[in-house]
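Remarks on the structure that follows.
Each reported figure results from applying straightforward, stated rules to the coordinates on display, with no laboratory input. Just so it is clear, the model here is predicted, and its values are computed rather than measured. Reconstructed Cβ throughout: ideal geometry from the backbone, glycine too, with neighbour counts over all protein chains shown.
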Amino acid sequence: MALRDVFYGIKEFSEDVLFAPFDALRALELESWSAANIISWLFILVGFVAFIYWMLELKKYNDNNEEDRTSTSHSFLGGDTYQYKD
């Protein structure tokens, strides 16, 4: 068995097994655009719901003042602690 056979095996496994769902979607698209793209719309919906949830959680922590805001990356971002020296 040559090293070339190993790479051909990987190629055949990828094309025949791993890409089979994509081939099915490609064939489905010719029949129904909306059915073929339902997975994309589901991912968009899940991402949108996760974004809304994350924003509501951030608002909850902001309203309760639970975040430690004393640390800044630069002294000039500290607000009251910044003193301009001539």
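Structure values in brief
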item: R0 of 22 Å, Cβ-Cβ distance Val46-Ala24: FRET efficiency to nearest 0.05; result: 0.55
item: Two-site label geometry, Met1 and Asn65: point separation in nm, points 7 Å out along Cα→Cβ; result: 6.8 nm
